[in-house]
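Any read-out appearing in this document is the output of simple, stated calculations on the displayed coordinates, not a laboratory observation. What you are looking at is a predicted structure, and each value in this text was computed from that prediction instead of being measured. Cβ sites come from the backbone with ideal geometry, for glycine too, and all protein chains shown count toward neighbours.
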Amino acid sequence: MTMTPKQRLVTAFQRGIPDHLPATTHHLMSYFLNKYMGGMSNQEFFEHFGLDAIQWISLHRPDPDKGEYFDPLQGEPGFLESHRIATDQWRVFSEEIPGQQFKTVRYRFVTPGGTLTMTLQSNEQTSWVSEYLIKEKSDIELIAKYATAPKCDVEGVNRVVEEYGERGIVRSHICTFDVFGQAGTWQDACCLVGTQRLIMETFDDPAWVHELLKILQRRKKIYIESMQGARYDILELGGGDASTTVISPKIFEEFVAPYDAELVEAAHRAGQRIVYHTCGGMMPILEMIAAMGVDAMETFTPPAMGGDVDLAEAKRRIGDKVCMIGGFDQFHFFLNCTPEQTRAEVRRCFEAAGGGGGFVLAPSDHFFDADPALIAAFADEARRCVY
């Protein structure tokens, strides 16, 4: 029986066997779509190549009973952004700083107890933090006291799901910190403190790190608990700052897993599936991630791209516990190779991880530059991988 894209992906999430190998991407970057695809929309891209489609949304709502409202100063949310939630005690102001090499925007988080500042820079491909929000350890007290926690707009989500139908899945992520953050608790903290400093603080002042993680986790729990009834197909948790390319398995075990495992449990109570995102090294922590109770794991980045994943070994170790998403080397097989080489890479992934289902072929995270002819070969060969 021929499945719809939604059926194919959801079957894999449930570790079932679909009609053929599901194939999709992580986020599509506007840089790529504009440069190589003539400004196509995400959906046009998926339909053009016959890939299994994903609609990414993140619909939040305020709680007026708590004095919350949509931030009137935000403007239209950008890539992966949500409408910020403000109160009279938590306001975010922004100012573009001229004369910089890259676009530079400074944000002020204004509270009755003081003001916190963060600066972001960006180019046509991506954005990064050039000034971290948390400078003094006492800054986290302002976040604990005044920061808002978004709620899920369940009705809005379900309208999108109804409209999207069987064309693909509707996916989102656990809420991040305002302006810039990541879905996982540790990963969100890295965006506010700086990864290197946070790693050092796990040795110098672990109690402070745990206090910060509890503050950020509490905000995420409030959001997750509001998701009951939202018909998302899957939600992303995690982020690259918890890969073993960045931190040790010991830090993961002590500062990452305990907090995110509780979020996974809360998500399941709210009727949601979770995929844990780890772009970078994963092999030493495969079982730790699976033990958090997640439904799926990604990105299974191969060594040639700076990761460490042996797909076949990963399948042997955790393939009976989670759906595996990713594994494809987009750096070497979406550019500067032949379609036959791209097809061979698809087959390698399928033979390593496709057995018994529960595998979604996808690039190992984002890509910015790619040859459309090679993406076509990727998609076509995946359709030929049947069970």
Handout entry: Percentage relative contact order, the chain, counting C-alpha pairs under 8 Å, at least six apart
Key = 20 percent
Handout entry: Cα Rg, Dmax (largest Cα-Cα span) when computed across the stretch 86-193, Å
Key = 16.7, 49
Problem - Estimated inter-spin distance, Asp371 and His48, nm [label 7 Å along Cα→Cβ] - result: 1.7 nm
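Can you list the GluC sites (Glu not before Pro) in the stretch 82-180 that are in a DSSP coil and have 11 or fewer other beta carbons within 10 angstrom? Walk me through the numbers on the way to the answer.
Values: sites: Glu95, Glu96, Glu124, Glu131, Glu136, Glu141, Glu155, Glu162, Glu163, Glu166; in loops: Glu124, Glu136.
Hits after loop and neighbour filter: Glu136.
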Exercise for the section: Kindly rank 19-26, 270-277 from highest to lowest mean number of other beta carbons found within 10 Å of each residue. Expected result: 19-26, 270-277
Handout entry: Contact order relative to length of the stretch 197-342, as percent, for alpha carbon pairs under 8 angstrom and 6 or more apart
Key = 20 percent
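How about the stretch 127-222: which chymotrypsin sites (Phe, Trp or Tyr not before Pro) there are in a DSSP loop, with at most 16 other Cβ atoms within 10 Å of their Cβ? Write down the numbers at each step before the final one.
Details: sites: Trp128, Tyr132, Tyr146, Tyr164, Phe177, Phe180, Trp186, Phe203, Trp208; in loops: Tyr132, Phe177, Phe180.
Of the chymotrypsin sites (Phe, Trp or Tyr not before Pro), not one in the loops of the stretch 127-222 has a Cβ with at most 16 other Cβ atoms within 10 Å.
If packing is taken as the average count of other Cβ atoms within 10 Å, what order do 322-330, 67-75 fall into, highest mean first?
Descending packing order for the listed peptides: 322-330, 67-75.
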Handout entry: In range of the label at Ile222: residues from the stretch 61-75 whose backbone nitrogen is under 20 Å from the point 7 Å along Cα→Cβ
Key = 61-74
Handout entry: FRET efficiency, Gln341 to Gln101 (Cβ-Cβ, R0 30 Å, nearest 0.05)
Key = 0.20
Fill in the blank from the handout: Count of lysine pairs, the chain, Cα-Cα under 22 Å, sep. 8 or more residues or interchain, comes to 19
Problem - Tensor-based shape of the chain (alpha-carbon gyration tensor, a/c under 1.5 rounded, otherwise prolate or oblate) - result: prolate
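Rounded, prolate or oblate: which fits the stretch 230-378 when a ≥ b ≥ c are the square roots of the eigenvalues of the alpha-carbon gyration tensor, with rounded for a/c under 1.5 and prolate only if a/b beats b/c?
On the way: a/c = 1.92, a/b = 1.64, b/c = 1.17.
Prolate.
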Completion exercise
Taking Cα pairs closer than 8 Å and at least 6 residues apart, the relative contact order of the stretch 317-387 in percent is 45 percent
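In µm²/s, what is D for the stretch 57-129 at 10 °C and 1.306 mPa s, where D = kT/(6 pi eta Rh) by Stokes-Einstein and Rh is the Kirkwood radius from Cα pairs? Kindly include the intermediate steps, with their values, before the conclusion.
Values: Rh = 13.7 Å.
Once the numbers are plugged in, D ends up at 116 µm²/s.
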Exercise for the section: Taking 7 Å along the Cα-to-C-beta vector as the label spot, tell me the Trp128-His210 distance in nanometres, rounded to one decimal. Expected result: 3.3 nm
